[in-house]
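The values are calculated or read from the model by the stated rules, or taken from the named source; none is laboratory data. Everything quoted here is computed from the prediction, not taken from an experiment. Positions of Cβ are generated from backbone atoms using ideal geometry, with glycine treated the same way; all protein chains shown enter the neighbour counts.
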Amino acid sequence: MVKLIVNKVLCKDGVLHELQSGSSLLEAMGRLVPELPEEEALDRARKGSMTAAVLAAHNRAGERDKVLRLSFDALTSHDITYVGIIQTARASGLKEFPVPYVLTNCHNSLCAVGGTINEDDHVFGLSAAQKYGGIFVPPHLAVIHQFMRETMTGCGKMILGSDSHTRYGAYGTMGVGEGGPELVKQLLGRTYDINQPGVIAVQLSGTPRPGVGPQDVALAVIGAVFKNGFVKNKVMEFIGEGVASLSMDFRAGIDVMTTETACLSSIWQTDETVRAFYAAVGREQDFAPLSPGPLALYDGAVLVDLSKVEPMIAMPFHPSNVYKLADVIRDPLDIFAEVEAEANKSDPAVRLSLTDKVKDGRVQVSQGVIAGCAGGTFENVAAAGDMLKGRNCGNGEFSLSVYPASQPVFLELMKQGSLAELMEAGAVVKTAFCGPCFGAGDVPSNNALSIRHTTRNFPNREGSKPANGQIAAVALMDARSIAATAANQGVLTSALDFDYTPKKHLFAFDGEIYKNRVYNGFGAPQPDLPLRFGPNIADWPEMIPLQKNLLLRIASAISDPVTTTDELIPSGETSSYRSNPLKLAEYTLSRKDPAYVKRAKGIFAEEKARREGRPLEPEYLNALDLVGGSAALLPTTAIGSAVFALKPGDGSAREQAASCQRVLGGLANLAVEYATKRYRSNLINWGMIPFLTEFTSFRPGDFVFVENVTDLVRNGGEVRARLIRGHRSLDIVIRLDYLTEDEKEIILSGCLINFYRRNGGQA
């Protein structure tokens, strides 16, 4: 089904050749490409991937520079990220949007979630689009990525979004999901700076069986590559004859889930199917043929035989926790017991039970959801309608909710009768909304098991609240098997075991919906118009430049194998506070370590006392005395909190996972490794140092002293820091990996806002 090639791979005229370890690249070229000089063949191969061509076209740096400096063709954000981005850019000197910037409203779509009025953010967003020349998509019209697919993609383009699922590779567009400050850089005319990423070929062969959908293929790939880090921070390049067997929606459904592999981006070869899509949405000029050159060098390969993919299920609490659905249906108790044990070990205060879902040998689930950029596409919803036609979901506990991903999709499903079939079967059809993906819609009851064709199933992301005694679980599945389960009124069922005849539905796009409702002011800013602020929209607090030395105090130490951004700052109930940094910060680590905020505030109070010349608590003076004397060090030593985690930052691109720590006085993270580049970038952009260390025995209350930290930021490398616990101290090794020159200056300045203010604002 899925096979990995860990060695480098040469694609020559569409055929992959594995390069055996131990032989040099030049030797391999001489053997495989005898018709060309070895160095010329290697140079062509390095430039031959689609990835290399697209990156080169967007790179402002010289060809020989180590760092790529990328400019994007368009930007996109939704309504729990764009307020902070615009506020940051405004504070940094923004005058107008230099590229198309799409502000969608698909997360805070509901009037009030979390105690404030979200419509204030939408009013702010529209006023910003008018003032700076942006594109504003009102609530319920489209989820962020479906709107970008339908209106903004183009073959060979690059799009940067403040949402981790910014993936448009199936449309020939490299999409990158990053934290808000990276969009701020683009808005200010700066660049996105990265080292040349590795590229992994994903070769598709065969044709999927009826009943197998895009989520099944995606989960099979995620299960094979996430835990081993095979594609982490690399670009996944989809090639092979199997691509032609997939519809546009099928490709997009696989592509959007590549985020869950921890890759940087994706790109697919394009063909007549892609051309037909662009023609259907009235943008055929945005089509161009993309494919690898005659020679293309890859850092590895993933081989996927589509004909062998079965319906899959990602059990709680990660998209990589993948099983064959047939195995779970046949023998659920052992698998459920393993998931229970992991869940209860991670959060022992609240007990999850899954084994009680097995009744008379069959698994009974509570809820089904088909939604968002992954599940709510035209073909997924139409397939569910076909399967449920003439059947019903029952009137018991099980419920089915369906969210078409955009109003054009909704309209066409309505015209073709698919929504009528779903509604007659008892499904509830709702407007475009990302709520089920992050805990602001269809929150399950306590101890419920929900099956979803959405993007993620992290702990508590579905909206449960362990602090209040509620816990639930989500398993990811494809819409087809969810529909089969709904037809059996909640009994877990594989689409392969369901008797139906798949139909071919053709999508017709009606662009009048967007023409009549979307505000498009790109290229026509109105600078004299005011921004419209609601009472919950607040400016960023002042952030102080880094001092010569650093005294960190550990405010939280997390020993889980991976820490998600949802655990660093919860989604769902906090979403309406994303426009208010101080209020949002009160929720930092609230699900993982409820004592964190109080500890961080206490540490921050000591730094304020130091700056104002007031006495410090004795334990802080003791720590400084142990490393050289408080009198000498106090004037040049910043005091800040730090979070230690083994592998933090998996999941969402949301910058608040870092900025909330910074607002509370955080100055660094300590980790064995960072789960994603985007979380590390968020730390840097908010002036926090992303330290690495092999020392893992931190406890809350420990001090870590780093002498001459400003030199470490400038030069990188490894240093000995001092760990102070009570009246004892010991040396530990910490290091700081490569930083660009701008990243160094951002940390030294205290945050990105300070850096750009100092450097003249918008370029």
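Anything in segment 106-130 that is at pLDDT 80 or above and aliphatic (A, V, I, L, M)? List them, or say none.
Scanning segment 106-130 gives Val123, Leu126, Ala128, Ala129.
Determine whether segment 172-185 contains at least one residue that is aliphatic (A, V, I, L, M), part of a strand (DSSP E or B) and modelled with pLDDT of 95 or more. Explain how you work it out, then say what you get.
Initially, segment 172-185 is screened for residues aliphatic (A, V, I, L, M), giving 174, 176, 183-184.
Among the residues that remain, those that are also part of a strand (DSSP E or B) are: 174, 176.
Checking which are modelled with pLDDT of 95 or more leaves us with 174, 176.
For segment 172-185, residues aliphatic (A, V, I, L, M), part of a strand (DSSP E or B) and modelled with pLDDT of 95 or more: present.
It is to be established whether one or more residues within segment 168-190 are out of contact with any strand residue (DSSP E or B) (no Cβ under 9 Å at 6 or more places or on another chain), surrounded by fewer than 24 Cβ atoms within 10 Å (Cβ to Cβ) and in contact (Cβ under 8 Å) with a residue 40 or more places away in the chain. Break it down stepwise before answering.
Taking segment 168-190 and keeping what is out of contact with any strand residue (DSSP E or B) (no Cβ under 9 Å at 6 or more places or on another chain), we get 179, 181, 184, 188-189.
Adding the requirement that they be surrounded by fewer than 24 Cβ atoms within 10 Å (Cβ to Cβ) leaves 188-189.
Filter once more, so that each one left must be in contact (Cβ under 8 Å) with a residue 40 or more places away in the chain: 188-189.
Within segment 168-190 (the criterion being out of contact with any strand residue (DSSP E or B) (no Cβ under 9 Å at 6 or more places or on another chain), surrounded by fewer than 24 Cβ atoms within 10 Å (Cβ to Cβ) and in contact (Cβ under 8 Å) with a residue 40 or more places away in the chain), the answer is yes, since at least one residue qualifies.
Checking Leu36 against (1) closer than 28 Å to Pro289 by Cα; (2) aliphatic (A, V, I, L, M); (3) touching a Leu at 6+ places or on another chain (Cβ under 7 Å): exactly one of these is not met. Which one?
(3)
Restricting to segment 597-634, name every residue that is farther than 30 Å from Pro459 by Cα and of a type in the set (Lys, Arg).
Just the residues of segment 597-634 that are farther than 30 Å from Pro459 by Cα, to begin with: 605-634.
Scanning segment 597-634 gives Lys608, Arg610, Arg611, Arg614.
Report every pair of residues separated by at least 6 positions or lying on different chains whose Cβ atoms are under 9 Å apart, first residue within segment 542-561 and charged (D, E, K, R) and modelled with pLDDT under 95, second surrounded by 23 or more Cβ atoms within 10 Å (Cβ to Cβ) and not in a strand (DSSP E or B).
Here the result reads Asp560/Glu567; Asp560/Lys592, each pair linking segment 542-561 to a residue that is surrounded by 23 or more Cβ atoms within 10 Å (Cβ to Cβ) and not in a strand (DSSP E or B).
For segment 619-646, which residues satisfy the criterion of being in contact with a Gly (Cβ under 9 Å, 6 or more places away or on another chain), in a helix (DSSP H, G or I) and either surrounded by 23 or more Cβ atoms within 10 Å (Cβ to Cβ) or among the polar types (S, T, N, Q) (or both)?
Once the filter is applied, which keeps residues that are in contact with a Gly (Cβ under 9 Å, 6 or more places away or on another chain), in a helix (DSSP H, G or I) and either surrounded by 23 or more Cβ atoms within 10 Å (Cβ to Cβ) or among the polar types (S, T, N, Q) (or both), segment 619-646 yields only Asn622.
Where in segment 24-129 are the helices (runs of 4 or more DSSP H), entirely inside, with at least 3 residues that are among the small types (Gly, Ala, Ser) and assigned by TED's automatic domain parsing to the domain that holds Pro294?
Values: elements: 25-32, 38-46, 50-58, 82-91.
Passing ranges, in order: 50-58.
Take Gly687 and decide whether it is of a type outside the set (D, E, K, R) and either surrounded by fewer than 24 Cβ atoms within 10 Å (Cβ to Cβ) or under 18 Å from Tyr596 (Cα atoms) (or both).
no
Taking the options Thr88, Thr81, name whichever one is crowded, with 22+ Cβ neighbours inside 10 Å, closer than 28 Å to Met543 by Cβ, in contact with a Pro (Cβ under 7 Å, 6 or more places away or on another chain) and among the polar types (S, T, N, Q).
Details: Thr81 fails: in contact with a Pro (Cβ under 7 Å, 6 or more places away or on another chain).
Of the residues listed, the single one that is crowded, with 22+ Cβ neighbours inside 10 Å, closer than 28 Å to Met543 by Cβ, in contact with a Pro (Cβ under 7 Å, 6 or more places away or on another chain) and among the polar types (S, T, N, Q) is Thr88.
I need the full set of residues from segment 557-575 which are touching a strand residue (DSSP E or B) at 6+ places or on another chain (Cβ under 7 Å) and assigned to a helix (DSSP H, G or I), in order please.
Those that are touching a strand residue (DSSP E or B) at 6+ places or on another chain (Cβ under 7 Å) and assigned to a helix (DSSP H, G or I): Thr565, Leu568.
Can you list residue pairs whose Cβ atoms sit under 9 Å apart, with the first residue in segment 453-470 being closer than 24 Å to Phe226 by Cα and assigned by TED's automatic domain parsing to the domain that holds Gly441 and the second being among the small types (Gly, Ala, Ser) and surrounded by fewer than 19 Cβ atoms within 10 Å (Cβ to Cβ)? Count only pairs 6 or more apart in sequence or on different chains.
Pro459/Ser346
From Gly156, Gly206, Gly133, grab the single residue that is modelled with pLDDT of 95 or more, surrounded by fewer than 23 Cβ atoms within 10 Å (Cβ to Cβ) and in the same structural domain as Arg283 (by TED's automatic domain parsing).
Working: Gly156 fails: in the same structural domain as Arg283 (by TED's automatic domain parsing); Gly133 fails: in the same structural domain as Arg283 (by TED's automatic domain parsing).
When all the criteria are applied, what remains is Gly206.
Which one of Ala486, Ala440, Ala427 is aliphatic (A, V, I, L, M), within 23 Å of His165 (Cα to Cα) and buried (at least 24 other Cβ atoms within 10 Å of the Cβ)? First the steps, then the outcome.
Working: Ala486 fails: within 23 Å of His165 (Cα to Cα); Ala427 fails: within 23 Å of His165 (Cα to Cα).
After ruling out the rest, the residue left standing is Ala440.
Anything in segment 459-471 that is surrounded by fewer than 24 Cβ atoms within 10 Å (Cβ to Cβ) and within 26 Å of Ala384 (Cα to Cα)? List them, or say none.
Correct list: Gly463 only.
Pairs please, first residue from segment 121-139 and among the aliphatic types (A, V, I, L, M), second anywhere and part of a strand (DSSP E or B), Cβ atoms under 6 Å, 6+ apart in sequence or on different chains.
Listed by first residue and then by second, the contacts come to Leu126/Phe136; Ala129/Leu103; Ala129/Phe136; Ala129/Tyr519; Ile135/Val102; Ile135/Asn520.
Condition first: over 26 Å from Val217 (Cα atoms) and crowded, with 23+ Cβ neighbours inside 10 Å. Can you find one or more residues in segment 345-362 that meet it?
Within segment 345-362, one or more residues are over 26 Å from Val217 (Cα atoms) and crowded, with 23+ Cβ neighbours inside 10 Å.
Out of Val212, Val202, which single residue is of a type in the set (A, V, I, L, M) and more than 22 Å from the chain's Cα centre (by Cα)? Working first, answer last.
Values: Val202 fails: more than 22 Å from the chain's Cα centre (by Cα).
Exactly one residue qualifies, and that residue is Val212.
So Trp540 fits all but one of (1) within 30 Å of Ala262 (Cα to Cα); (2) assigned by TED's automatic domain parsing to the domain that holds Glu673; what number is the exception?
Result: Trp540 fails condition (2) only.
May I ask you to list the residues in segment 211-228 that are touching a Phe, Trp or Tyr at 6+ places or on another chain (Cβ under 8 Å), surrounded by 24 or more Cβ atoms within 10 Å (Cβ to Cβ) and small (Gly, Ala, Ser)?
Matches in segment 211-228: Gly213 only.
Does Pro594 fit the bill of being closer than 19 Å to Pro459 by Cα and not in a helix (DSSP H, G or I)? Steps first, answer last, please.
Numbers: closer than 19 Å to Pro459 by Cα: yes; not in a helix (DSSP H, G or I): yes.
Criteria met by Pro594.
Can you pull out every residue in segment 688-711 that is hydrophobic (A, V, I, L, M, F, W, C) and part of a strand (DSSP E or B)? Can you show your working first?
From segment 688-711, those hydrophobic (A, V, I, L, M, F, W, C) are 688-689, 691-692, 695, 698, 703-706, 709; that's our starting set.
Answer for segment 688-711, where residues must be hydrophobic (A, V, I, L, M, F, W, C) and part of a strand (DSSP E or B): Ile689, Phe691, Leu692, Phe703, Val704, Phe705, Val706.
Can you tell which of Leu303, Leu325 is in the same structural domain as Leu42 (by TED's automatic domain parsing), touching a strand residue (DSSP E or B) at 6+ places or on another chain (Cβ under 7 Å), touching a residue at least 24 places away in the same chain (Cβ under 8 Å) and crowded, with 16+ Cβ neighbours inside 10 Å?
On the way: Leu325 fails: in the same structural domain as Leu42 (by TED's automatic domain parsing).
Only one candidate passes the filter, namely Leu303.
Any chance you could count how many residues in segment 714-753 are of a type in the set (A, V, I, L, M), closer than 23 Å to Leu68 by Cα and either surrounded by fewer than 21 Cβ atoms within 10 Å (Cβ to Cβ) or touching a Cys at 6+ places or on another chain (Cβ under 8 Å) (or both)?
The first filter runs over segment 714-753 and keeps only residues of a type in the set (A, V, I, L, M), leaving 719, 721, 723-724, 730, 732-734, 736, 739, 746-748, 752-753.
Restricting the remaining residues to those that are closer than 23 Å to Leu68 by Cα gives 736, 739, 746-748, 752-753.
Then keep just the ones that are either surrounded by fewer than 21 Cβ atoms within 10 Å (Cβ to Cβ) or touching a Cys at 6+ places or on another chain (Cβ under 8 Å) (or both); that gives 739, 748.
Looking only at that region, the number is 2.
Out of the residues in segment 582-613 meeting the condition of being modelled with pLDDT under 95 and hydroxyl-bearing (Ser, Thr, Tyr), tell me which one is nearest to Ser659 (Cα to Cα).
Thr588
State which residue is farthest from Ala668 (Cα to Cα) when the search covers only segment 524-581 and only residues that are of a type in the set (A, V, I, L, M) and buried (at least 24 other Cβ atoms within 10 Å of the Cβ). Before you say what the answer is, go through the steps one by one.
Of the residues in segment 524-581, the ones of a type in the set (A, V, I, L, M) are 524, 529, 531, 537-538, 543-544, 546, 550-552, 554-555, 557-558, 562, 568-569.
From the residues that got through so far, the ones that are buried (at least 24 other Cβ atoms within 10 Å of the Cβ) too are 550-552, 555, 568-569.
Values: Leu550: 10, Leu551: 10, Leu552: 8, Ala555: 11, Leu568: 14, Ile569: 16 Å.
Across segment 524-581, the extreme among qualifying residues is Ile569.
Taking the criterion of being closer than 30 Å to Arg167 by Cα and either modelled with pLDDT of 95 or more or among the β-branched types (Val, Ile, Thr) (or both), would at least one residue in segment 343-356 satisfy it?
Looking through segment 343-356, none of the residues is closer than 30 Å to Arg167 by Cα and either modelled with pLDDT of 95 or more or among the β-branched types (Val, Ile, Thr) (or both).
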